[in-house]
1. Considering only segment 85-117, state which residues are aliphatic (A, V, I, L, M) and surrounded by fewer than 17 Cβ atoms within 10 Å (Cβ to Cβ).
2. Taking GLY90 as meeting all but one of (1) at pLDDT 90 or above; (2) outside any loop (DSSP other than H, G, I, E, B), write down the number of the exception.
3. Can you tell which of LEU108, LEU164, LEU179 is touching a residue at least 40 places away in the same chain (Cβ under 8 Å) and not assigned by TED's automatic domain parsing to the domain that holds GLY18?
4. So which residues in segment 204-228 are modelled with pLDDT under 95, outside any strand (DSSP E or B) and not basic (Lys, Arg)?
5. Given the options VAL29, VAL77, VAL93, name the one that is under 19 Å from the mean Cα position of the chain (by Cα), within 24 Å of ASP281 (Cβ to Cβ) and free of Cβ contacts under 8 Å to residues at least 40 places away in the same chain.
6. Quick one: count up the residues across segment 263-294 that are over 21 Å from THR225 (Cβ atoms) and either β-branched (Val, Ile, Thr) or touching a Pro at 6+ places or on another chain (Cβ under 9 Å) (or both).
Amino acid sequence: MRIGILGNEGSWYGVDLGRAAAERGHDCVRLDFPLMAVSCGETSAANRIVSSGEYDLTTLDAVIVRTMPPGSLEQVVFRMDALARLTATGVTVVNSARSMECAVDKFLTTARLEAAGLTVPATVTCQDSEAAMEAFDRLGGDVVVKPLFGAEGRGICRVSDPDLAFRTFRTLERTGAVLYLQKFIRHPGFDVRVLVLDGELLGAMRRYSTDDFRTNVSRSAKTATHIPTSDETSMALLATETVGARIAGVDLLYDETGRCFVIEVNAVPGWRAFSRTNNVDVAGRLIDSLQADA
């Protein structure tokens with residue numbers, strides 16, 4: 001197989017996928033999202049339908065998306081369209097454009113999870129500071145403000161002071177941002193990350209943080225192996241199915257009463273800490289999954 005990896009230069013995940021592919025006799029090439037181009041209406045063989053720099057992506061067997069770099073709305077939409085066009089040529093894309101579109105948009109993910117019957121935090125998404133202040137009060141005066149697009153805890157802040165909340169909302173409003181507020185959930189100090197591939201659990205881990213309400217490993221959270229309960233398993237599988245992802249990291253959070261919430265479905269999930277914690281070769285399992293398609 002010939003596999004393309006849409007990822008950052010020097011990415012640990014690109015290296016890990018390359019290692020797993022090489023062990024199985026496959027070739028990997030790194031690709032850049034900003035260099036992607038799509039051609040329509042041109043019949044010459046020299047006019048590649050979907051490309052990234054010098055690479056004709058239609059000659060690949062599969063493309064693994066390992067990053068979604070910042071960009072304008074036009075750029076983000078075009079990149080999703082390019083992935084969908086690539087899929088239409090017969091190349092396997094993981095995750096698909098449709099699932100990426102959902103998972104990258106926190107509002108859309110939350111709305112679909114709720115519609116599927118999963119428990120999500122009380123959330124308000126709006127576009128102006130006045131509506132955000134009303135939501136702040138309704139949500140108990142203690143909220144987590146998140147960027148609509150984002151990952152690894154970047155750009156997230158907890159606000160519990162009305163004056164600070166107003167200044168935060170006004171600042172975001174002036175930048176043209178959508179305001180996404182979730183009621184802060186008091187929890188026992190950990191969350192559960194479940195990794196799903198092809199409709200099956202690869203495993204789970206707990207992530208602990210002693211000095212931050214965020215439990216992202218990228219922010220120095222500690223991890224421990226976790227055996228998921230049947231309810232956690234059902235929630236993670238349904239959440240992944242709802243987003244339409246082939247591989248996903250599902251974050252579950254318990255409040256102090258023991259109620260479990262689905263916080264996020266990550267369609268570009270990290271597995272460095274997961275592999276170390278659970279002794280699972282996630283990159284190898286993903287390459288094996290793609291090999292089964294060939």
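The values are calculated or read from the model by the stated rules, or taken from the named source; none is laboratory data. The structure displayed is predicted, hence computed values, not measured ones. No Cβ is skipped: glycine too gets one built from the backbone with ideal geometry, and neighbour counts run over all protein chains shown.
1. ALA88, LEU108, ALA111, ALA115, ALA116
2. With (1) at pLDDT 90 or above; (2) outside any loop (DSSP other than H, G, I, E, B) applied to GLY90, the lone miss is (2).
3. Selected residue: LEU179, the only one of LEU108, LEU164, LEU179 that is touching a residue at least 40 places away in the same chain (Cβ under 8 Å) and not assigned by TED's automatic domain parsing to the domain that holds GLY18.
4. Across segment 204-228, the qualifying residues are SER209, THR210, ASP211, ASP212, PHE213, THR215, ASN216, VAL217, SER218, SER220, ALA221.
5. VAL93
6. The number of residues fulfilling the criteria is 3.
Matching residues to (1) modelled with pLDDT under 95; (2) touching a helix residue (DSSP H, G or I) at 6+ places or on another chain (Cβ under 7 Å); (3) within 25 Å of VAL250 (Cα to Cα):
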position	(1), (2), (3)
ASP61	no, no, no
GLU74	yes, no, no
LEU83	no, yes, yes
ALA115	no, no, yes
ALA122	no, no, yes
MET133	no, yes, no
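Conditions (1) among the small types (Gly, Ala, Ser); (2) surrounded by fewer than 18 Cβ atoms within 10 Å (Cβ to Cβ); (3) outside any strand (DSSP E or B); (4) touching a Lys or Arg at 6+ places or on another chain (Cβ under 6 Å), marked per residue:
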{"residue": "PHE136", "(1), (2), (3), (4)": "no, no, yes, no"}
{"residue": "GLY141", "(1), (2), (3), (4)": "yes, yes, yes, no"}
{"residue": "ASP163", "(1), (2), (3), (4)": "no, yes, yes, no"}
{"residue": "ARG170", "(1), (2), (3), (4)": "no, yes, yes, no"}
{"residue": "VAL194", "(1), (2), (3), (4)": "no, no, no, no"}
